[in-house]
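What follows draws every value from the coordinates through simple rules; no lab data is involved. Everything numeric in this text was worked out from a predicted model, so none of it was measured. Every residue, glycine among them, receives a Cβ derived from its backbone with ideal geometry; neighbour counts consider all protein chains shown.
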Amino acid sequence: DSSDITEVQNYINANFSDPNAVYFGKAEGKNVIYISLESLQSFIINYKLEGKEVTPFLNKLTQDKNTFYFENFFHQTGQGKTSDAEFMMDNSLYGMSQGSVFVNKAQNTFQSAPAILKGKGYTTAAFHGNYKTFWNRNEMYKSLGYDYFFDAEYYDMSEENTKNYGMKDIPFFQESMPMLESLEKPFYTKFITLSNHHPFAMDEGDTDFPAGTTEDSVVNNYFQSAHYLDESIKQFFQYLKDAGLYDNTMIVMYGDHYGISENHNKAMAQVLNVDEITPLMNAQLQRVPLFIHAPGVEGKVVTEYGGDVDVMPTVLHLLGVNTKDYLQVGSDLLSNKHRETIPFRNGDFVSPTLTKLGDNCYNTNTGELVAGEDCKKQAESTAAELKASDSIVSKDLLRFYTPEGFTPINREDYNYIKDTA
Ligand code: GP9
Ligand code: MN
C-alpha cells in the first residue's frame, strides 16, 4: 500500500547519485544497442593463451577514445541468470532471491528503460536466437514495453547455424542486421548472445583458436568459445559501420554472469597461476566486463566498483533523461556520488576496501580476515538496498506510483506472434 511506497521512495531519494554534468545528455537522441555477452568474465580481458589474446577486439576497445571500460564491474545475478541480468539492465532493480523474476513477476508493472524511452520517441526491440518462451521472455517483454521481439522464429535455425540453446553468435548478428535496419530511429535494442554458454564446446570448423591445456574441458573450451564471441562482436561493429549506424549509436556491452563456476576452481587456479582460488578470489572473479561506447563522448577506463543495477541510471543520464523521479536502486557509475558497495543477490557484498562473504569480513586488498564489526555498516546498506528492491518487486509497488511524464505500459498493446502473411 501507500506506506510501503513512501518507505521505498524515502530510501531511494536519500541514496540518489546525481548525474555528472560532464556527461549528462552527452549522448542525447542516440540509438542504443545493448549486447549481453554470454558468460563472459573479466579475467579473460587481456588474457593471453599461448601468447595469443583471447579477446583481441574487446581488448582494443578498452582503450578506444569514445569507450568507457569498467574494469571493476560485478554481476549481481541470481537463479534467473541471463534473464536476471536483463532485468537489472532494464529496471535498475534486483532479480529475486529465489527463482526468476522473469518467470514469476512478468505481470508486474515496471518503469523500464524501453518504456521510459518510448516516451521520448524511441522504438524498442529485443534480438535473441532462442525461442521466445525461454525464461518467459515473451511475457516479460510485454511488461517492459518491447515493441518487437526477434526470436528464433526470425532466424535460420539450421544445424550449422545453431549450437546448444540456439543461434551461433556470428550468423546471429549477420541475420539480425536487416531487422535492425528496418527499425524506426531512434531505437533502443538488445542483442542476447548465446554461443559462449556452458559447457562451451565448439563445433568443428568454428574456431582456429587453441583450447586451454588444463585437465578440465569446460575451462579449456572457454578460451575458444570466448574468442568466437569476441570475433562475432568485431563483425557486428563492422556491420554497424557499414550500415551507417555506428556514429549515432551508443553500444552497451556486459558479461551477463560467470561462466566458470566454483566447481572448476582447480583448473582456474592453473589458468590464473595461483596456488588455489580462495573464497575472496572467487568473489573477485564475479567481475564481468562492462563497455559503454558513446560516440562523441570522451571515454576512459573506470576503476570504480559497480554492479548491474548501476547501468540503467548511467545510460539514461548519458541520454539526458534524469532518473530522479524513478524508483531505481542503482547508482550512476559516472556520478561523483557513485556508491561503491556492490551487493550480491545473497546479501554478501564487495567494495574496494571490504568484502563480506557469509559471516566473514575481509580486507579486499590484503585478503586478511578482519573483525565482522568492520563490515557492519556496508552490510546494512546492502540489506537496505536489496530490501527496497525486493519490496518493489514482490509487492508490485510500481502500479501505485507513476512518475510525472511517464506513460504506463499496457501489456495488451504487445504481442510477439510472427506475422507469416
Ligand atoms: C537462453 C540464454 C541462456 O535463452 O539466455 O540462458 P542462461 O542459462 O545463461 O540463463
Ligand atoms: Mn547467460
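What does the helix-only formula give at 222 nm for the chain: each DSSP H stretch with n ≥ 4 adding -39500 (n - 2.57), the total divided by the residues, and the result rounded to the nearest 500 deg cm²/dmol?
Working: 12 runs with 128 residues, N = 421.
Dividing the helical sum by the residues of the chain leaves -9000 deg cm²/dmol.
Taking the Cβ of each residue in Val309, Val274, Val393 as the centre, tally the other Cβ atoms inside 10 Å and list the residues starting with the fewest. Spell out each step's value before the answer.
Working: Val309 24, Val274 11, Val393 21.
Fewest-to-most Cβ neighbours within 10 Å comes out as Val274, Val393, Val309.
Which whole-Hz couplings ³J(HN,Hα) result when phi for each residue of segment 260-270 is put into the Karplus expression 6.51 cos²θ - 1.76 cosθ + 1.60, θ = phi - 60°, listed in order with x for Gly and Pro?
Once θ is set to phi - 60°, the couplings for segment 260-270 become 9, 7, 4, 4, 10, 4, 5, 5, 5, 4, 5 Hz.
Can you run phi through the Karplus equation (6.51, -1.76, 1.60; θ = phi - 60°) for segment 96-106 and list ³J(HN,Hα) in whole Hz, with x for Gly and Pro?
Listing the rounded values in order: 8, 5, 10, x, 10, 5, 4, 7, 8, 10, 5 Hz.
Listing Asp147, Asp208 from the residue with the fewest other Cβ atoms within 10 Å to the one with the most, what is the order?
Working: Asp147 20, Asp208 7.
Sorted ascending by nearby Cβ count, the order is Asp208, Asp147.
What share of the DSSP beta bridges in the chain is antiparallel, in percent to the nearest 5? If you can, show how the numbers build up before the last one.
Values: 23 of 48 bridges.
Taking every DSSP beta bridge within the chain, about 50 percent pair in antiparallel fashion.
What does the highest-first list of 212-225, 67-80 look like by mean Cβ count within 10 Å?
Numbers: 212-225: 19.8, 67-80: 22.6.
In descending order of packing, they fall as 67-80, 212-225.
If you stretched the chain out fully between Asn164 and Ser217, how much longer would it get, using 0.36 nm times the residue separation minus the C-alpha to C-alpha distance?
Values: separation 53, 0.36 × 53 = 19.08 nm, distance 1.64 nm.
This chain segment gains 17.4 nm when fully extended.
Out of residues 5 or more away from Thr189 or on other chains, whose amide H comes under 5 Å of its own, with H placed 1.01 Å from N in the peptide plane?
Amide H to amide H, under 5 Å and 5 or more residues apart or across chains, Thr189 pairs with Val32, Ile33, Tyr34, Ala125.
For the chain, with only Lys/Arg (+1) and Asp/Glu (-1) charged at the beta-carbon, what is the dipole magnitude about the Cα centre, in debye rounded to 20? Walk me through the intermediate numbers first.
Values: 34 positive and 58 negative charges, 171 e Å.
Charge dipole of the chain: 820 debye, to the nearest 20.
Lys/Arg Cβ at +1, Asp/Glu Cβ at -1, dipole of the chain taken about the Cα centre: which of Gln286, Leu194, Ala211 is farthest positive-ward?
So the residue furthest toward the plus end is Gln286.
Would you mind ranking Ile5, Ile44, Ile417 by Cβ crowding within 10 Å, fewest neighbours first? Show your work: numbers first, answer last.
On the way: Ile5 18, Ile44 27, Ile417 8.
By the 10 Å Cβ count, ascending, the order reads Ile417, Ile5, Ile44.
Can you list the trypsin sites (Lys or Arg not before Pro) in segment 98-175 that are in a DSSP coil and have 10 or fewer other beta carbons within 10 angstrom?
On the way: sites: Lys105, Lys118, Lys120, Lys132, Arg137, Lys142, Lys163, Lys168; in loops: Lys105, Lys120, Lys132, Lys168.
When the trypsin sites (Lys or Arg not before Pro) of segment 98-175 are filtered for loop state and at most 10 Cβ neighbours within 10 Å, nothing remains.
Quickly rank 368-374, 355-361, 54-60 as a protection proxy: mean count of other C-beta atoms within 10 Å, highest first. Kindly include the intermediate steps, with their values, before the conclusion.
Values: 368-374: 11.3, 355-361: 17.0, 54-60: 18.9.
Highest to lowest by the protection proxy: 54-60, 355-361, 368-374.
With a Förster radius of 41 Å, plug the Cβ-Cβ distance of Leu369 and Lys65 into 1/(1 + (r/R0)^6) and report the FRET value to the nearest 0.05.
Details: r = 42 Å, r/R0 = 1.03.
So the FRET efficiency works out to roughly 0.45.
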